[in-house]
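Before any comments, here is the structure.
The values are calculated or read from the model by the stated rules, or taken from the named source; none is laboratory data. Remember, it's a predicted structure, so these values are computed and weren't measured experimentally. Don't worry about glycine lacking a Cβ; one is built from the backbone with ideal geometry, like all the others, and counts go over all protein chains shown. What goes into the accessible areas is simple: the full protein's heavy atoms, side chains included, and nothing from ligands, DNA or RNA. Shrake-Rupley method; radii C 1.70, N 1.55, O 1.52, S 1.80 Å.
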Amino acid sequence: MKRSSFNTLLTRTLQVLIAALFLLPIIWMITAALIPPGSPLPRSLDLTPDEITLENFTHIWRLVPISHFTLNSLRVVALAVPITLLTGSWAGFAMSQLPRSSQRRLVVISLIVLMIPGIALWSTRFVLYREIGIYNSIWALAAPALMGTSPFFVLMFYRAFRRIPREVYESARLDGAGVIQLWRLIALPIARPTVIGVALLSFIYYWGDFISPLLYLQSEKNYTLPIALQLLQQMGRSDWSLLMAASVTTLAVPMAFFFILQPFIATRE
């Protein structure tokens with residue numbers, strides 16, 4: 001009994017230490033955002049600055065239209081994340097229903113596509129978006145969601161759906177369920193942790209995408225938050241506290257999204 005309690009205490013201690021290790025950069029970023037504007041970057045891990053101010057957070061709103069850029073980023077993720085969940089789960093579900101030999105071939109193809117560097121697609125996407133008329137629009141940033149965003153997300157869904165016993169699908173088919181009903185009523189509820197995980201990863205992917213707005217947008221009215229960070233850096237490369245304040249502002253929405261979904265991830269089926 002004592003040994004079990006000791007192991008539990010040791011496990012919890014390790015979990016707290018690992019969590020603290022990952023939280024430390026975020027805590028430092030928040031602390032650096034609170035020091036007065038123009039202050040030099042601390043050369044040590046100073047988590048208790050002598051003077052604290054919120055002036056950096058008000059200053060960034062005067063320098064760039066953060067609210068407009070935030071709204072554009074929210075529009076992109078509002079389009080891209082649901083489409084990614086829809087197309088990615090459809091592709092993963094279709095793969096899981098094929099014969100095993102076909103599944104292996106598609107998994108190999110997905111892994112090959114996953115290894116293609118993103119830079120190889122830049123020029124092709126540029127020409128394609130211009131030809132179909134979505135260049136310089138929010139749709140150009142959300143377009144990869146139509147293909148599931150990444151083969152990695154498709155493989156995550158495939159792995160989750162493949163673990164569901166075939167007898168479950170067969171029983172539903174005997175009760176008259178069609179393909180869409182199997183996907184919506186059987187597969188998706190059982191694979192809920194994977195759905196939440198893909199939603200989080202795709203949200204972070206589109207929220208932090210810096211290259212696509214640079215390549216496929218011309219008008220400032222469509223710029224997203226990563227471009228705002230770049231603009232602030234160009235205005236004052238040495239004003240670290242201002243940049244940290246902008247980074248904290250940019251990070252607030254993904255962290256809120258994570259805390260909203262975190263209870264669903266922790267729930268065990």
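Some observations on this one:
- C-alpha center-to-center spacing [the stretch 15-89, the stretch 187-237] in angstrom: 14 Å
- Computed extension length for Ser101-Arg192: 30.1 nm, one decimal, from 0.36 nm per residue of separation with the Cα-Cα distance subtracted.
- Using alpha-carbon coordinates, inclination of helix 66-96 to the longest axis of the chain, degrees: 20 degrees
- Charge dipole of the chain about the Cα centre (unit charges at C-beta), most positive-ward option of Met29, Thr124, Gly236: Thr124
- Gyration tensor verdict on the stretch 208-269 (Cα atoms; rounded if a/c is under 1.5, prolate if a/b is larger than b/c, oblate otherwise): oblate
- Stretchable slack from Ile180 to Leu146, in nm (0.36 nm times residue separation minus alpha-carbon distance): 10.4 nm
- Top positive-direction residue, dipole computed over the chain with Cβ charges, set Ala160, Leu86, Trp207: Ala160
- Label-point separation, Leu231 to Arg75 (7 Å along Cα→Cβ), nm: 1.4 nm
- Per-residue surface analysis assigns Arg104 an accessible area of about 150 Å², computed on protein heavy atoms at 1.4 Å probe radius.
- With a Förster radius of 45 Å applied to the C-beta separation of Arg163 and Leu214, the computed FRET efficiency comes to 0.70.
- The 1.4 Å probe gives accessible areas that order Leu214, Leu24, largest first, as Leu214, Leu24.
- The chain: angle of helix 151-162 to the longest principal axis, Cα-based, in degrees nearest 10: 40 degrees
- Degrees, to the nearest 10: 2-33 long Cα axis against longest axis of the chain: 50 degrees
- Kirkwood analysis of the stretch 1-123, using all unique Cα-Cα pairs, places the hydrodynamic radius at 20.8 Å.
- The chain: relative contact order in percent, alpha carbon pairs under 8 Å with at least 6 residues between: 33 percent
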